[in-house]
Amino acid sequence: MEAPTSCPVCGTAVVGWGELATHLVERAGRSDGDHIMWLNRRVTKHRRPAAELEADLVATLSGDEPSAPRVRR
């Protein structure tokens, strides 16, 4: 599977899933609403470290379900 080249929220260039996960966690940690909403709607509503979020990003962006349970409305 090909790694992302930019953040799906802000377009920041990233290299690989791990860097994307780190970027998303850092932005969410700074209370960046756009990044938080994207994570909440597409991946998980639970705070997770970047290492754990990486596997969910791969699954979500490839069309599979994340390994951890997601909160659904």
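Computed from the coordinates by the stated procedures, all read-outs in this text should not be read as laboratory data. This one's a predicted model, so the numbers in the text were calculated from it and none came from an experiment. Cβ: placed from backbone, ideal geometry, glycine included. Neighbour counts: every protein chain shown.
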> How far, in nm, would the chain grow between Met37 and Ser62 when pulled straight, counting 0.36 nm per residue and subtracting the alpha carbon separation?
Replying inline: 7.1 nm
> Which of the peptides 14-20, 43-49 is most tightly packed, and how do the rest follow, going by the mean number of other Cβ atoms within 10 Å of each residue?
Replying inline: 14-20, 43-49
